[in-house]
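Undergrad: I'd like to ask you about the structure that follows.
The values are calculated or read from the model by the stated rules, or taken from the named source; none is laboratory data. The shown structure was predicted, so the numbers you read here are calculated from the model rather than taken from an experiment. Please note that ligands, DNA and RNA were not included when accessible areas were found on the heavy atoms of the full protein model with its side chains. Shrake-Rupley method; radii C 1.70, N 1.55, O 1.52, S 1.80 Å.
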Amino acid sequence: MKQLIIDKAGEQAYDFFNQHVDVESKKTLIVSTTNEFNILNNSNNFNSIINLSLVNNIRYINKFFEKVNSKLSNGDVFICCFETITARKSRHALGNIPIIKNIWFVLEFVFLRMFPKIWGLKKIYFILTRGRNRLLSKAEGLGRLVSCGFEIVAFENYRGLLYIVAKKMKEPEFNMHASYGPLYKMPRMGKNGKIIGVYKFRTMHPYAEYLQDYVLKINGYAESGKPANDFRLTPWGRFLRRYWLDEVPQLLNVIKGDLKIVGVRPISQRYFQDIPTDLQELRFMQKPGCIPPYVSLGRKGNVIEVLQAEREYLIEKAKKPYTTDIRYFFNALYHIIIKNKRSA
(Lines give C-alpha, C1' and ligand atoms only; values in the text may rest on other atoms or scores of the structure.)
Protein backbone atom coordinates (compact mmCIF):
# COMPACT_ATOMS: atom_id res chain seq x y z
CA MET A 1 0.00 0.00 0.00
CA LYS A 2 2.86 2.37 0.80
CA GLN A 3 4.37 1.94 -2.65
CA LEU A 4 1.00 2.41 -4.35
CA ILE A 5 0.49 5.73 -2.54
CA ILE A 6 4.02 6.87 -3.34
CA ASP A 7 3.53 6.01 -7.01
CA LYS A 8 0.25 7.92 -7.08
CA ALA A 9 0.95 10.91 -4.83
CA GLY A 10 4.65 10.90 -3.98
CA GLU A 11 6.69 10.14 -0.88
CA GLN A 12 6.10 13.57 0.66
CA ALA A 13 2.35 13.08 0.45
CA TYR A 14 2.68 9.61 1.99
CA ASP A 15 4.64 11.05 4.93
CA PHE A 16 2.01 13.79 5.30
CA PHE A 17 -0.77 11.19 5.45
CA ASN A 18 1.13 9.22 8.09
CA GLN A 19 1.37 12.28 10.32
CA HIS A 20 -2.41 12.26 10.67
CA VAL A 21 -3.59 8.66 10.15
CA ASP A 22 -2.22 5.14 10.30
CA VAL A 23 -1.98 4.47 6.58
CA GLU A 24 -1.32 0.73 7.04
CA SER A 25 -4.25 0.21 9.42
CA LYS A 26 -7.23 -1.92 8.38
CA LYS A 27 -9.35 0.93 9.72
CA THR A 28 -8.03 3.22 6.97
CA LEU A 29 -9.83 3.11 3.62
CA ILE A 30 -7.63 4.22 0.71
CA VAL A 31 -9.37 4.80 -2.61
CA SER A 32 -8.89 6.70 -5.85
CA THR A 33 -12.41 7.50 -6.98
CA THR A 34 -14.79 10.25 -8.08
CA ASN A 35 -17.88 8.13 -7.47
CA GLU A 36 -19.54 8.23 -4.05
CA PHE A 37 -20.84 4.69 -4.50
CA ASN A 38 -17.28 3.42 -4.21
CA ILE A 39 -17.27 4.93 -0.73
CA LEU A 40 -20.67 3.58 0.29
CA ASN A 41 -20.02 0.07 -1.05
CA ASN A 42 -17.29 -0.52 1.52
CA SER A 43 -19.08 -2.19 4.40
CA ASN A 44 -16.19 -2.11 6.86
CA ASN A 45 -16.09 0.39 9.69
CA PHE A 46 -13.30 2.89 9.04
CA ASN A 47 -11.91 5.67 11.19
CA SER A 48 -10.11 7.35 8.29
CA ILE A 49 -10.62 7.65 4.55
CA ILE A 50 -8.01 8.77 2.00
CA ASN A 51 -9.11 9.60 -1.54
CA LEU A 52 -6.27 10.08 -4.03
CA SER A 53 -8.47 11.22 -6.94
CA LEU A 54 -8.78 14.93 -7.63
CA VAL A 55 -11.82 16.65 -6.18
CA ASN A 56 -11.78 18.71 -9.42
CA ASN A 57 -13.05 15.62 -11.27
CA ILE A 58 -16.00 14.92 -8.97
CA ARG A 59 -19.26 15.97 -10.59
CA TYR A 60 -21.29 16.45 -7.39
CA ILE A 61 -18.64 17.48 -4.89
CA ASN A 62 -20.87 18.11 -1.89
CA LYS A 63 -22.79 14.88 -2.38
CA PHE A 64 -19.47 13.02 -2.43
CA PHE A 65 -18.32 14.72 0.79
CA GLU A 66 -21.68 14.01 2.40
CA LYS A 67 -21.33 10.30 1.64
CA VAL A 68 -17.83 10.29 3.13
CA ASN A 69 -19.26 12.01 6.20
CA SER A 70 -21.88 9.25 6.54
CA LYS A 71 -19.17 6.56 6.69
CA LEU A 72 -17.26 8.24 9.51
CA SER A 73 -17.89 8.99 13.17
CA ASN A 74 -17.20 12.33 14.83
CA GLY A 75 -13.46 12.75 15.21
CA ASP A 76 -12.61 10.48 12.27
CA VAL A 77 -10.35 11.77 9.49
CA PHE A 78 -10.85 12.35 5.77
CA ILE A 79 -7.95 13.24 3.45
CA CYS A 80 -8.48 14.45 -0.12
CA CYS A 81 -6.71 16.58 -2.71
CA PHE A 82 -7.46 19.05 -5.47
CA GLU A 83 -5.69 21.40 -7.84
CA THR A 84 -6.21 25.09 -7.05
CA ILE A 85 -6.77 27.81 -9.64
CA THR A 86 -3.30 29.22 -8.90
CA ALA A 87 -1.64 25.84 -9.39
CA ARG A 88 -3.53 25.24 -12.64
CA LYS A 89 -2.40 28.58 -14.02
CA SER A 90 1.25 28.03 -13.10
CA ARG A 91 1.49 24.51 -14.58
CA HIS A 92 -0.33 25.31 -17.81
CA ALA A 93 1.55 24.52 -21.04
CA LEU A 94 0.98 28.11 -22.14
CA GLY A 95 2.12 29.45 -18.77
CA ASN A 96 5.27 31.12 -20.11
CA ILE A 97 3.92 32.64 -23.33
CA PRO A 98 3.11 36.34 -22.78
CA ILE A 99 -0.40 37.62 -23.62
CA ILE A 100 -1.48 34.25 -25.01
CA LYS A 101 -1.30 32.63 -21.57
CA ASN A 102 -3.56 35.34 -20.13
CA ILE A 103 -6.12 35.10 -22.92
CA TRP A 104 -6.19 31.32 -22.68
CA PHE A 105 -6.54 31.34 -18.90
CA VAL A 106 -9.41 33.84 -19.06
CA LEU A 107 -11.24 31.57 -21.49
CA GLU A 108 -10.51 28.54 -19.32
CA PHE A 109 -11.64 30.43 -16.22
CA VAL A 110 -14.94 31.42 -17.85
CA PHE A 111 -15.70 27.90 -19.06
CA LEU A 112 -14.40 25.80 -16.15
CA ARG A 113 -15.13 28.20 -13.31
CA MET A 114 -18.11 30.34 -14.28
CA PHE A 115 -20.15 27.99 -16.49
CA PRO A 116 -20.67 25.38 -13.70
CA LYS A 117 -22.17 28.09 -11.49
CA ILE A 118 -24.59 29.79 -13.90
CA TRP A 119 -28.04 28.34 -14.52
CA GLY A 120 -28.42 27.25 -18.14
CA LEU A 121 -24.71 27.40 -18.91
CA LYS A 122 -24.23 24.83 -16.16
CA LYS A 123 -25.96 22.20 -18.30
CA ILE A 124 -23.69 22.93 -21.26
CA TYR A 125 -20.63 22.61 -19.04
CA PHE A 126 -21.65 19.21 -17.64
CA ILE A 127 -22.63 17.85 -21.07
CA LEU A 128 -19.20 18.72 -22.49
CA THR A 129 -17.00 17.88 -19.49
CA ARG A 130 -19.09 15.46 -17.38
CA GLY A 131 -17.94 17.53 -14.42
CA ARG A 132 -14.25 16.79 -14.82
CA ASN A 133 -11.29 19.18 -14.60
CA ARG A 134 -13.23 21.88 -12.76
CA LEU A 135 -11.41 24.98 -11.54
CA LEU A 136 -11.53 25.31 -7.75
CA SER A 137 -10.09 27.93 -5.45
CA LYS A 138 -8.52 26.92 -2.16
CA ALA A 139 -11.29 28.75 -0.30
CA GLU A 140 -14.06 26.91 -2.14
CA GLY A 141 -12.44 23.50 -1.65
CA LEU A 142 -11.95 24.03 2.09
CA GLY A 143 -15.34 25.73 2.48
CA ARG A 144 -17.19 22.85 0.85
CA LEU A 145 -15.60 20.44 3.32
CA VAL A 146 -16.64 22.58 6.29
CA SER A 147 -20.19 22.92 4.94
CA CYS A 148 -20.32 19.11 4.79
CA GLY A 149 -19.53 18.72 8.49
CA PHE A 150 -15.72 18.64 8.52
CA GLU A 151 -13.15 20.73 10.35
CA ILE A 152 -9.90 21.61 8.56
CA VAL A 153 -6.93 20.13 10.43
CA ALA A 154 -4.06 20.79 8.00
CA PHE A 155 -3.20 21.19 4.33
CA GLU A 156 0.01 21.00 2.30
CA ASN A 157 1.01 21.42 -1.33
CA TYR A 158 2.76 18.52 -3.07
CA ARG A 159 3.39 18.17 -6.80
CA GLY A 160 1.07 21.10 -7.49
CA LEU A 161 -1.84 19.58 -5.57
CA LEU A 162 -3.35 20.71 -2.28
CA TYR A 163 -3.78 17.80 0.16
CA ILE A 164 -6.27 18.47 2.94
CA VAL A 165 -6.69 16.70 6.26
CA ALA A 166 -10.20 17.18 7.65
CA LYS A 167 -11.91 15.81 10.74
CA LYS A 168 -15.61 14.99 10.89
CA MET A 169 -17.27 17.17 13.53
CA LYS A 170 -20.99 17.03 12.73
CA GLU A 171 -23.58 16.14 10.13
CA PRO A 172 -23.53 18.08 6.80
CA GLU A 173 -25.61 21.22 6.39
CA PHE A 174 -27.08 19.95 3.09
CA ASN A 175 -27.09 23.51 1.75
CA MET A 176 -29.23 23.39 -1.41
CA HIS A 177 -29.04 27.15 -1.99
CA ALA A 178 -25.31 27.88 -2.06
CA SER A 179 -24.50 31.24 -3.61
CA TYR A 180 -22.14 31.43 -6.60
CA GLY A 181 -23.24 34.53 -8.47
CA PRO A 182 -21.86 38.10 -8.35
CA LEU A 183 -24.64 39.24 -6.02
CA TYR A 184 -24.50 37.65 -2.58
CA LYS A 185 -26.86 37.88 0.41
CA MET A 186 -25.00 37.66 3.71
CA PRO A 187 -26.69 36.74 7.01
CA ARG A 188 -26.08 39.66 9.37
CA MET A 189 -27.43 40.90 12.69
CA GLY A 190 -29.94 43.72 12.52
CA LYS A 191 -31.89 45.66 15.11
CA ASN A 192 -32.81 43.64 18.22
CA GLY A 193 -30.54 40.83 17.00
CA LYS A 194 -32.79 39.94 14.06
CA ILE A 195 -30.93 38.09 11.31
CA ILE A 196 -31.23 39.93 8.00
CA GLY A 197 -29.89 39.21 4.51
CA VAL A 198 -27.52 42.01 3.48
CA TYR A 199 -26.80 42.31 -0.25
CA LYS A 200 -23.25 42.78 -1.55
CA PHE A 201 -21.30 42.16 -4.70
CA ARG A 202 -19.24 39.02 -4.19
CA THR A 203 -15.68 39.70 -3.07
CA MET A 204 -14.92 36.21 -1.78
CA HIS A 205 -14.83 32.77 -3.35
CA PRO A 206 -17.97 30.59 -3.02
CA TYR A 207 -18.32 28.78 0.31
CA ALA A 208 -15.90 31.28 1.91
CA GLU A 209 -18.48 32.09 4.60
CA TYR A 210 -17.94 28.63 6.11
CA LEU A 211 -14.27 29.42 6.75
CA GLN A 212 -14.57 32.51 8.94
CA ASP A 213 -13.90 30.64 12.18
CA TYR A 214 -10.99 28.77 10.57
CA VAL A 215 -9.34 31.93 9.19
CA LEU A 216 -9.72 33.69 12.55
CA LYS A 217 -8.30 30.65 14.33
CA ILE A 218 -5.10 30.56 12.25
CA ASN A 219 -4.61 34.28 11.51
CA GLY A 220 -6.72 36.29 13.97
CA TYR A 221 -7.90 39.82 13.19
CA ALA A 222 -5.94 42.39 11.21
CA GLU A 223 -5.61 45.95 12.45
CA SER A 224 -8.60 46.81 10.26
CA GLY A 225 -10.83 44.54 12.33
CA LYS A 226 -11.22 42.07 9.48
CA PRO A 227 -9.63 38.59 9.35
CA ALA A 228 -5.88 38.85 8.68
CA ASN A 229 -4.24 37.29 5.60
CA ASP A 230 -7.68 36.36 4.30
CA PHE A 231 -7.14 33.98 1.37
CA ARG A 232 -10.90 33.90 0.81
CA LEU A 233 -10.80 37.26 -0.99
CA THR A 234 -10.63 37.36 -4.77
CA PRO A 235 -8.19 39.78 -6.49
CA TRP A 236 -11.08 41.89 -7.83
CA GLY A 237 -12.75 41.68 -4.43
CA ARG A 238 -9.95 43.66 -2.80
CA PHE A 239 -10.48 46.48 -5.33
CA LEU A 240 -14.26 46.50 -4.84
CA ARG A 241 -13.85 46.63 -1.07
CA ARG A 242 -11.32 49.44 -1.09
CA TYR A 243 -13.73 51.77 -2.89
CA TRP A 244 -16.92 50.45 -1.24
CA LEU A 245 -18.23 49.31 -4.62
CA ASP A 246 -19.16 45.92 -3.17
CA GLU A 247 -21.65 47.64 -0.88
CA VAL A 248 -23.72 49.40 -3.54
CA PRO A 249 -26.39 46.62 -3.48
CA GLN A 250 -27.05 47.47 0.18
CA LEU A 251 -29.30 50.22 -1.14
CA LEU A 252 -31.78 47.39 -1.72
CA ASN A 253 -31.69 46.75 2.03
CA VAL A 254 -32.33 50.44 2.66
CA ILE A 255 -35.41 50.28 0.42
CA LYS A 256 -36.58 47.12 2.19
CA GLY A 257 -36.11 48.82 5.57
CA ASP A 258 -33.44 46.45 6.93
CA LEU A 259 -30.73 49.14 6.87
CA LYS A 260 -30.47 52.92 6.89
CA ILE A 261 -27.90 55.11 5.15
CA VAL A 262 -25.84 55.89 8.27
CA GLY A 263 -25.27 53.52 11.17
CA VAL A 264 -23.14 50.82 12.68
CA ARG A 265 -22.21 48.15 10.17
CA PRO A 266 -24.33 44.98 10.02
CA ILE A 267 -22.01 42.29 11.35
CA SER A 268 -21.92 38.52 11.51
CA GLN A 269 -22.91 36.58 14.61
CA ARG A 270 -19.31 35.38 14.86
CA TYR A 271 -17.90 38.93 14.98
CA PHE A 272 -20.68 40.04 17.33
CA GLN A 273 -19.31 37.62 19.95
CA ASP A 274 -15.97 39.47 19.98
CA ILE A 275 -17.22 43.00 20.71
CA PRO A 276 -17.76 44.38 24.27
CA THR A 277 -21.05 43.58 25.99
CA ASP A 278 -22.06 47.22 26.41
CA LEU A 279 -21.63 47.80 22.68
CA GLN A 280 -23.67 44.69 21.92
CA GLU A 281 -26.55 46.15 23.93
CA LEU A 282 -26.26 49.57 22.26
CA ARG A 283 -26.23 47.91 18.83
CA PHE A 284 -29.51 46.10 19.51
CA MET A 285 -31.25 49.44 19.99
CA GLN A 286 -30.51 50.82 16.50
CA LYS A 287 -30.94 49.70 12.92
CA PRO A 288 -27.56 49.12 11.18
CA GLY A 289 -26.45 51.36 8.33
CA CYS A 290 -24.40 51.49 5.13
CA ILE A 291 -21.99 54.27 6.12
CA PRO A 292 -20.11 53.38 9.31
CA PRO A 293 -19.34 55.92 12.07
CA TYR A 294 -15.55 55.60 11.76
CA VAL A 295 -15.78 57.04 8.22
CA SER A 296 -17.95 59.95 9.36
CA LEU A 297 -15.55 60.72 12.21
CA GLY A 298 -12.45 60.36 10.06
CA ARG A 299 -11.01 57.61 12.25
CA LYS A 300 -8.64 54.83 11.28
CA GLY A 301 -10.10 51.44 10.40
CA ASN A 302 -8.48 49.44 13.19
CA VAL A 303 -10.61 47.52 15.68
CA ILE A 304 -10.22 49.91 18.62
CA GLU A 305 -11.10 53.07 16.70
CA VAL A 306 -13.96 51.43 14.80
CA LEU A 307 -15.57 50.23 18.03
CA GLN A 308 -14.98 53.58 19.75
CA ALA A 309 -16.57 55.42 16.81
CA GLU A 310 -19.58 53.09 16.97
CA ARG A 311 -19.96 53.69 20.70
CA GLU A 312 -19.84 57.49 20.24
CA TYR A 313 -22.37 57.33 17.41
CA LEU A 314 -24.82 55.10 19.29
CA ILE A 315 -24.70 57.23 22.42
CA GLU A 316 -25.24 60.41 20.41
CA LYS A 317 -28.00 58.77 18.36
CA ALA A 318 -29.88 57.87 21.53
CA LYS A 319 -29.67 61.50 22.71
CA LYS A 320 -30.31 63.17 19.35
CA PRO A 321 -32.31 60.67 17.24
CA TYR A 322 -33.30 63.13 14.51
CA THR A 323 -30.11 65.07 13.75
CA THR A 324 -27.29 62.61 14.37
CA ASP A 325 -27.60 60.71 11.09
CA ILE A 326 -27.74 63.94 9.07
CA ARG A 327 -24.53 65.22 10.65
CA TYR A 328 -22.75 61.89 10.24
CA PHE A 329 -23.87 61.62 6.60
CA PHE A 330 -22.37 64.97 5.55
CA ASN A 331 -19.25 64.31 7.61
CA ALA A 332 -18.83 61.03 5.71
CA LEU A 333 -19.13 62.79 2.34
CA TYR A 334 -16.46 65.27 3.42
CA HIS A 335 -14.02 62.54 4.46
CA ILE A 336 -14.67 60.38 1.39
CA ILE A 337 -14.59 63.14 -1.26
CA ILE A 338 -12.25 65.74 0.23
CA LYS A 339 -10.05 63.63 2.50
CA ASN A 340 -10.00 60.61 0.13
CA LYS A 341 -11.10 58.22 2.88
CA ARG A 342 -11.08 54.57 1.78
CA SER A 343 -12.48 51.36 3.24
CA ALA A 344 -10.45 49.60 5.92
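Undergrad: From largest accessible area down, sort THR34, THR323; use a 1.4 Å probe on the protein chains.
TA: So the residues, ranked largest to smallest area, are THR323, THR34.
Undergrad: Give me, ordered by chain and number, the residues 5 or more places off VAL198 or on other chains with an amide H under 5 Å from its own placed amide H.
TA: For VAL198, whose amide H was placed from the backbone, the distant partners under 5 Å are MET186, ARG188.
Undergrad: Return one number: the angle in degrees, 0 to 90 and rounded to the nearest 10, between the long axis of the Cα atoms of helix 138-147 and the longest principal axis of the Cα atoms of the chain.
TA: Orientation of helix 138-147: about 90 degrees from the principal axis.
Undergrad: Could you give me the ³J(HN,Hα) list for segment 254-264, computed from phi with Karplus coefficients 6.51, -1.76, 1.60 and θ = phi - 60°, whole Hz, x at Gly and Pro?
TA: After applying 6.51 cos²θ - 1.76 cosθ + 1.60, I find 5, 5, 6, x, 6, 10, 10, 5, 10, x, 5 Hz.
Undergrad: State the percentage of accessible surface on the chain attributable to carbon and sulfur atoms; use a 1.4 Å probe and exclude ligands, DNA and RNA.
TA: 57
Undergrad: Can you list the residues, at least 5 places off or on another chain, whose amide H is less than 5 Å from the amide H of GLN286, using H built in the peptide plane?
TA: Close amide H contacts, sequence-distant or interchain: ASN192.
Undergrad: Quick one: what are the phi-derived ³J(HN,Hα) couplings along segment 286-295, Karplus 6.51/-1.76/1.60 with θ = phi - 60°, whole Hz, x for glycine and proline?
TA: Rounded to whole hertz, the list is 10, 6, x, x, 7, 9, x, x, 5, 6.
Undergrad: Long-range amide H contacts for SER137: which residues qualify at under 5 Å (H placed 1.01 Å from N, peptide plane, sequence gap of 5 or more or a different chain)?
TA: HN-HN under 5 Å from SER137: ILE85.
Undergrad: Now for a different question. From largest to smallest, what semi-axes in whole angstrom does segment 149-252 give when each is the square root of 5 times an eigenvalue of its alpha carbon gyration tensor? Walk me through the numbers on the way to the answer.
TA: Numbers: eigenvalues 132, 69, 43 Å².
Semi-axes (√(5λ), whole Å): 26, 19, 15.
Undergrad: Above 18 Å lies some portion of the pair distances; for segment 227-344, what is it as a whole percent of all C-alpha pairs?
TA: 53
Undergrad: Over the heavy atoms of TRP104, what accessible area does a 1.4 Å probe trace out, to the nearest 10 Å²?
TA: Solvent-accessible area, nearest 10 Å²: 120 Å².
Undergrad: Next question. Please compute the per residue accessible area over the chain with all protein chains in place, 1.4 Å probe, rounded to a whole number of Å².
TA: 52
Undergrad: ³J(HN,Hα) across segment 113-123 via Karplus (A = 6.51, B = -1.76, C = 1.60, θ = phi - 60°), whole Hz, x for Gly/Pro?
TA: 10, 8, 4, x, 10, 10, 4, x, 5, 4, 5
Undergrad: Could you calculate the contour length gain from SER179 to ARG327, that is, 0.36 nm times the residue separation minus the distance between their Cα atoms, to one decimal place in nm?
TA: 49.6 nm
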